[in-house]
Amino acid sequence: MSDARITEITPGELRLDGVLDYRSGAALRQAGQALIRKATTPAITIDCSGVQQSSSVGLSLLLAYQRDAMAVGRQLRIVALPDDMREMAGVYGLREVLVFEEVVAEPASV
């Protein structure tokens, strides 16, 4: 898969897939914001198990999604964050800012 995307799997569950970089960042930002704004569940989970590769753009997206969720009174959970993104989050001091679940989400049928 070369195209990056964020999709709604079930109400309150979003899945982030593909390569997260400067080429995909703006479109993912807009699409994710729209999905978060229309969510009706008290918490939103973003499953990152489909992320193939990420630059710092991926962490920027997650921070933006967290702000979006807070703006509409929702909690944001991030599951199945790839190891490279988890390591970057540690370097940037974001482990205290973003809520990462240690559990690995089951891959969704695509």
Spin-label pair GLN52/ALA71, simplified geometry with 7 Å Cα→Cβ offset, distance in nm: 3.0
Diffing segment 12-21: the Karplus 3J(HN,Hα) column from phi (6.51, -1.76, 1.60, θ = phi - 60°), in whole Hz with x for Gly and Pro, holds x, 10, 10, 10, 9, 10, x, 9, 9, 8
Residue separation between ALA26 and THR10 times 0.36 nm, minus their alpha-carbon distance, gives in nm 3.4 nm
What distance in nm separates the simple spin-label points at ASP84 and VAL99, each placed 7 Å from Cα in the Cβ direction? 2.8
Under the span-like rule (Cα at least 18 Å along the axis, Kyte-Doolittle mean at least -1.0), DSSP H helices of the chain: 25-38, 56-71
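Coordinate-derived values only; no laboratory data. Keep in mind the model is a prediction, meaning the values are calculated, not measured. Note that we place each Cβ from the backbone using ideal geometry, even for glycine, and neighbour counts take in every protein chain shown.
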